[in-house]
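The values are calculated or read from the model by the stated rules, or taken from the named source; none is laboratory data. The structure presented is a predicted model; accordingly, all values stated were derived computationally and were not measured. Here the Cβ positions follow ideal geometry from the backbone for every residue, glycine too, while neighbour counts run over all protein chains shown. Note: accessible area is taken over every heavy atom of the protein model, side chains too, but ligands, DNA and RNA are not part of it. Shrake-Rupley method; radii C 1.70, N 1.55, O 1.52, S 1.80 Å.
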Amino acid sequence: MAAALLCGSMTVSAQESAEQFTIATLNVDGLPQKILVVKLNADGPGDAGTARIGKYLMQKNYDLVMMQEDFSYHNVLTVFLEDDYQFDEWSGEINVSRDIDFLHLQNHRFSCDGLMACWKHDLTVVPQGRTAWTEAFGKFSHANDDLITKGFRRYDVTLRSGEQITVYNMHMDATDDADELIHNDAKDTEARAAQWAQLRDEVLQQLGSKPIIVTGDLNSFYTRDNIKALFIDAINESGKGTASDVWVELKRNGVYPEYVDVSEITDASEISNIRDGEGLDKVIYINPATGTKIFPVAFNIDQEGYQHDGKALGDHYPAVATFQVNPSDKTTGIDDVNRELIINNRYFNLNGQRVNQPQGGIYIVDGQKKVIR
């Protein structure tokens, strides 16, 4: 009983001091509305819409913001955030007046990646550079992915409590809706599969004692892209950590959408029904086998304040997650006692693995020790 009380008091203390932070990912649709006399992104937000996105972010006050397609309107976007945020290095806009070999356009790729991150001043963030995808598809068709140096950026983040996490921001290859409906998207799917594999290898290499968050415009659906096998299951089976999609965990009770063959489907509404509300923007977190753990406590596809004339300001609505930090050194107590942690009625063991039904042992419910026999 003394050991149980000690374990309970240590875990309650950790609950009371646990830190929370928010992270948002959004594609700001910053492609230029036209290049020279060619209309490129005529229905994009432009200057006025990008200013609204900047004001939205200023009002929401998220701790960490990961953006994609920050190309032509960077200054308009960030001017509203300068007082409260620090920024990563901007990779520049799409500029056709320089660095183009017009005789070999088939080989051209703009050097910018469109990725941008900003974070509150009381966080310490160290950017770790850019990594381009080793495979991409589509130069002058298939969403033109290979015209841009798409890839990912990594950030080492020290939170207010001093706990550390790693965050990845990325933009994967897209599939045009029209190509998907006529089943002309095999090369797009193959490119994304290669990108998921590249990302998985990178994460496993970096995974030590710090949690990792993977987020961005992943242009992927569980029903179309075999994300679970390529990424989630591969990490879980590695023994180095556990991976989970926040949307799946909080909105679908941990049940992943099934990977299906849509090659016979030619109806857009039927494809939409299969996706069951899944978005292209995802927040996936990986807890290391040992070390600090984070747990999601909220997830939202945020439409409030992100609309103009009934449509999203950017490519799609922001995905926003709130995490709670539970440092391992504060929750490690008596090893021979079966201890679990309950967050919002979801059970996790201290390795970060979700359990459906708690067994006998010591649990923390609403900050109070409870013994289940």
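Condition test on Ile284, is it part of a strand (DSSP E or B) and out of contact with any Asp or Glu (no Cβ under 7 Å at 6 or more places or on another chain)?
So Ile284 fails the test.
Quick test of your reading of the structure: Glu278 fulfils all but one of (1) farther than 30 Å from Asn61 by Cα; (2) modelled with pLDDT under 95. Name the failing condition by number.
Answer for Glu278: the failing condition is (1).
What's the number of the condition Arg275 fails, among (1) under 18 Å from Asn226 (Cβ atoms); (2) among the basic types (Lys, Arg); (3) open to solvent by 40 Å² or more (accessible area, probe 1.4 Å); (4) in contact (Cβ under 8 Å) with a residue 12 or more places away in the chain?
(3)
For segment 154-171, check the following and say yes or no: at least one residue is open to solvent by 40 Å² or more (accessible area, probe 1.4 Å), out of contact with any strand residue (DSSP E or B) (no Cβ under 6 Å at 6 or more places or on another chain), basic (Lys, Arg) and touching a residue at least 12 places away in the same chain (Cβ under 8 Å).
Within segment 154-171, one or more residues are open to solvent by 40 Å² or more (accessible area, probe 1.4 Å), out of contact with any strand residue (DSSP E or B) (no Cβ under 6 Å at 6 or more places or on another chain), basic (Lys, Arg) and touching a residue at least 12 places away in the same chain (Cβ under 8 Å).
Among the residues of segment 287-297, write down those that are part of a loop (DSSP other than H, G, I, E, B) and surrounded by fewer than 22 Cβ atoms within 10 Å (Cβ to Cβ).
Ala289, Thr290, Gly291
Of the conditions (1) open to solvent by less than 40 Å² (accessible area, probe 1.4 Å); (2) touching a helix residue (DSSP H, G or I) at 6+ places or on another chain (Cβ under 8 Å); (3) at pLDDT 50 or above, Arg354 clears all except one; give me its number.
(1)
Could you identify the single residue in Glu258, Glu249, Glu190 that is open to solvent by 60 Å² or more (accessible area, probe 1.4 Å), part of a helix (DSSP H, G or I), on the phi < 0 side of the Ramachandran plot and in contact (Cβ under 8 Å) with a residue 12 or more places away in the chain?
Only one candidate qualifies: Glu190.
Exactly one of (1) within 19 Å of the chain's Cα centre (by Cα); (2) farther than 20 Å from Gln68 by Cβ; (3) among the β-branched types (Val, Ile, Thr) is unmet by Ile227. Its number?
(2)
From (1) outside any strand (DSSP E or B); (2) open to solvent by 20 Å² or more (accessible area, probe 1.4 Å), pick out the condition that doesn't hold for Asn300.
(1)
Would a scan of segment 207-228 turn up a residue that is more than 19 Å from Glu258 (Cα to Cα) and surrounded by fewer than 17 Cβ atoms within 10 Å (Cβ to Cβ)?
Yes, segment 207-228 contains a residue that is more than 19 Å from Glu258 (Cα to Cα) and surrounded by fewer than 17 Cβ atoms within 10 Å (Cβ to Cβ).
Would you check which residues across segment 96-123 are over 16 Å from Ile148 (Cα atoms) and modelled with pLDDT of 65 or more and list them?
Ala117, Cys118, Trp119, Lys120, His121, Asp122, Leu123
Tell me which of these Glu180 doesn't satisfy, since it passes every other one: (1) part of a helix (DSSP H, G or I); (2) open to solvent by 30 Å² or more (accessible area, probe 1.4 Å); (3) more than 16 Å from Gly241 (Cβ to Cβ).
Going through (1) part of a helix (DSSP H, G or I); (2) open to solvent by 30 Å² or more (accessible area, probe 1.4 Å); (3) more than 16 Å from Gly241 (Cβ to Cβ) one by one, Glu180 breaks only (2).
Does Tyr62 count as modelled with pLDDT of 95 or more, assigned to a helix (DSSP H, G or I) and among the hydroxyl-bearing types (Ser, Thr, Tyr)?
For Tyr62, the condition - modelled with pLDDT of 95 or more, assigned to a helix (DSSP H, G or I) and among the hydroxyl-bearing types (Ser, Thr, Tyr) - is not met.
Out of (1) closer than 20 Å to Gly216 by Cα; (2) open to solvent by 70 Å² or more (accessible area, probe 1.4 Å), what's the single condition that is false for Glu270?
With respect to (1) closer than 20 Å to Gly216 by Cα; (2) open to solvent by 70 Å² or more (accessible area, probe 1.4 Å), Glu270 is out only on (1).
Kindly list the number of the only condition in (1) touching a residue at least 60 places away in the same chain (Cβ under 8 Å); (2) aromatic (Phe, Trp, Tyr); (3) in contact with a Pro (Cβ under 6 Å, 6 or more places away or on another chain) that fails for Tyr222.
(1)
Tell me which residues, restricted to segment 44-54, are free of Cβ contacts under 8 Å to residues at least 60 places away in the same chain and open to solvent by 80 Å² or more (accessible area, probe 1.4 Å).
Asp47, the sole residue that qualifies.
Among the numbered criteria (1) surrounded by 20 or more Cβ atoms within 10 Å (Cβ to Cβ); (2) over 21 Å from Ile301 (Cα atoms); (3) free of Cβ contacts under 8 Å to residues at least 60 places away in the same chain, which single criterion is violated by Asn236?
Just one mismatch for Asn236, condition (1).
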